[in-house]
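Before any comments, here is the structure.
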């Protein structure tokens, strides 16, 4: 029996391209005759543009054009009547300014330096209006989005009557995805009705659809290339106004135009995790059985779009609790629109819930791990369905053993190591294990190689590698002879890479297209090959890339050669069925942290992290581990350092660069142990793989704040946990 | 448009200093002449290139990945933008343009530097190595091999900078322990958070006694 490819610690199939600099990200392309663009962005936070003086810029050497609302070509999709007053930011459509840093013009020149310099010469005059960028100061503007209603199970606010209870407010600041790769686009109108773009996107098909709507072009007149994406973490789940600006500039220039925004603009143009204020009330019996949870959240959005996410949902389903009510509201601020950032709303909500559980445990004088186990949900209390698989208790045990949980003291501030206060903390995370719809094509060549195509994306988790492993097991063909191609809009339909669903969704399509291929090969063999003529295609066995019946064995390659077929192409579409109505499907994570806190300076040093994932089958243990440690590093930033600070007087970010917005560096990160349950989910998809990208981060920040509390006795409810909050 | 210098990148040797100075003097007189020309003529767009060539560019010679280059570049062009936009060496990445992230790390005369923080015209006579010049043909450098083996990346965008930095880190003698590596690799941000694996890769090369 051939060794399974799924479950191996296989090197990435695109590793060589990445270590040699040969992997080409959007900005690495250079179409013939390409021009460069730079943005002119608003310096006010609310108001109107009264004048744009581009004369000096237009006189500067090499400048081709300055495009703004005064001269931009019309966007057909912007003209459509839409009753919704919040229609997003229509770039260069009118004189309205909603936020600081909003693009007001794009300058096109024949070199990068000339474009950047000329952008500095554009003089914009404004009529300023009052702005509001402070969430805390705007709580009176909170409103409920129609599609997200209040939630009630059992009795509202039951926590208030509980023998042991507590209520607290938790705040997270704006966090910015800040992938290493700067965002932007190369746009090229190859004909007046034919557009090609090189994009940084988590979904080429999604970009194609948006452009189809906006420019009202036939789908096959829009080509989107995005084979390598330099990180995104959610910010490339949608198209941004600056990308439309680039397309408009290219339209006017009649040549390809490249825009790469700068790091400062990464804070204002491509989304962020919204600031959120949450209140949790939680109550239990004296022996620790939860009786009520009330969770409310208010998060910011922009003036022109309502961005919503699932901040309060974890409180509805994580624990067996009879009485739960939640409320979710938005506040519009003069900022650009937020977008899902890794873990998304669930990570925001998990910080509050998993901190509150720890606070309640302290009040109960109970081990917080025991409290969680005591209130473990055996069936989904929200959907009232059995779980497709759930090994959370095992994950608690594995993590506790690895971190040395028995070293933890129940009373805070009891442990000292080398002059530092030491503490242990833990938390849990949960995220819906989803499965969407995707199509893949498979091309089997007469040399025995297999190429599978699907318009999936890869922002780093190793999509192509996992797909090759899945295809290798489905066909028996060696991994070295299989290629998986993604990131092209001409490939068969696949959803965006988001919500931890790529392996589940696209992997299922890959599995199914391999089955379709085998069926087709079976038909070929039964119709044409004497040894197989007596059989039905379904009766033929498939082993290691060959058709087998009794003693007859025919390699796929040999079959194609005999039939004089240079290649055989099939396609298959795959999606979930009714099983999703019968089961609750979630991935779970458990995070354990050991921290040191300096008693005099308040500096927090993370000494050890253990993260455990219950994510079903682990397709590739090497890349899966990388995904988990990546979540840990992102979580360290969320817990300890990341905060986009606004000077409220101007509505402008003040730390909009890597030197002042602190993402964790190598020296900030501790040795990390990643453990996997690695048990196949019997329901979700053929591989039994649930998702992993989000749970790697969800809950993590609470493990740190809980450990800090255990070390110091100080409860920090406002992230990030900077030293000033501990002294 | 013709911003990219079209010099043959394999042209060996470089201009001597006197020749460069003569070019400069020629440019200076042309600049004077243009300064005396009526503004209407100067502003004409089609003259941009001719004017820029005389006014704005300077000759510079350097070796990149073993090849000699004789170039003419604007003094404001960074080494990073020269590599990426004019020489099509796009393996070196731009992450911040402010020396804060390390994605643009290259070697100049064997030292690791942020190529976004240095101007191309300052590289006269320097030997520059980028990620494209690290491997010997198809044979990967041991650090490249180790990054694949230990999965020292996810998206791969910071990887060229990490690898150039890692090679220098070992050569500098700063790869003695995981803690030392973490400290001396902290100028290279990896937002995907592959730090643990990057440290393992560097330790592996160091302990393997490879010649880096």
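For the reader, a short list of remarks on this structure follows.
- Estimated D of the protein assembly as shown in µm² per second, where Rh is the Kirkwood radius over Cα pairs and Stokes-Einstein applies at 10 °C, 1.306 mPa s: 54
- Separation of alpha-carbon centers, the range B:89-157 and the range A:421-483, rounded to whole Å: 29
- Cα convex hull of the range A:608-679 - mean projected area over all directions, nm²: 6.2
- Neighbouring partner chain Cβ atoms per residue of B:84-92, average, 10 Å criterion: 4
- Inverse of mean 1/r across different Cα pairs in the range A:328-381, Kirkwood, Å: 13.8
- The alpha carbon centroids of the range B:170-198 and the range A:503-539 are separated by 49 Å.
- Look at where the Cα atoms of the range A:122-180 and of the range A:322-363 average out, and the two centres are 9 Å apart.
- Net length gained if the chain between residue A:134 and residue A:581 were fully extended (0.36 nm per residue, minus Cα distance): 156.7 nm
- Ascending count of other beta-carbon atoms within 10 Å, so fewest first, for A:93, A:225: A:93, A:225
- Nitroxide proxy distance, nm - points 7 Å out along Cα→Cβ at residue A:533 and residue A:287: 7.7
- Stokes-Einstein diffusion coefficient of the range A:497-597, Kirkwood radius over Cα pairs, 20 °C, 1.002 mPa s, in µm²/s: 127
- Scaling against 2.2 N^0.38 Å puts the C-alpha radius of gyration of the range A:65-129 at 1.30.
- Sorting the segments A:59-66, B:116-123 by their mean number of nearby beta carbons within 10 angstrom, highest to lowest, gives A:59-66, B:116-123.
- Kirkwood-based Rg to Rh ratio, the range A:109-204, C-alpha trace: 1.16
- Using the empirical formula 2.2 N^0.38 Å as the baseline, the Cα radius of gyration of the range B:173-212 reaches a ratio of 1.13.
- Estimated translational D of the range A:550-638 in µm²/s (Stokes, Kirkwood radius over Cα pairs; 20 °C; 1.002 mPa s): 112
- Cβ-derived FRET efficiency at R0 41 Å, residue A:409 paired with residue A:480, nearest 0.05: 0.15
- In this label model, residue A:96 and residue A:220 are separated by 3.8 nm, measuring between points 7 Å along each Cα→Cβ vector.
- Averaging 1/r over each pair of different alpha-carbon atoms in the range B:142-207 and inverting the result gives 11.2 Å, the Kirkwood hydrodynamic radius.
- Hull volume in cubic angstrom per residue (convex hull over the Cα atoms of the range A:349-492): 203
- Calculated FRET value between residue B:172 and residue A:29, using beta carbons and R₀ = 51 Å, to 0.05: 0.90
- With the simple spin-label model, which puts each label point 7 Å out from Cα in the Cβ direction, the residue A:562 to residue A:397 separation comes to 5.3 nm.
We did not get these values from a lab; they are worked out from the coordinates using the rules stated. Every value quoted in this text rests on a predicted model; they were computed, and no experiment measured them. Using ideal geometry, Cβ is built from the backbone for each residue, glycine included, and neighbour counts are taken over all protein chains shown.
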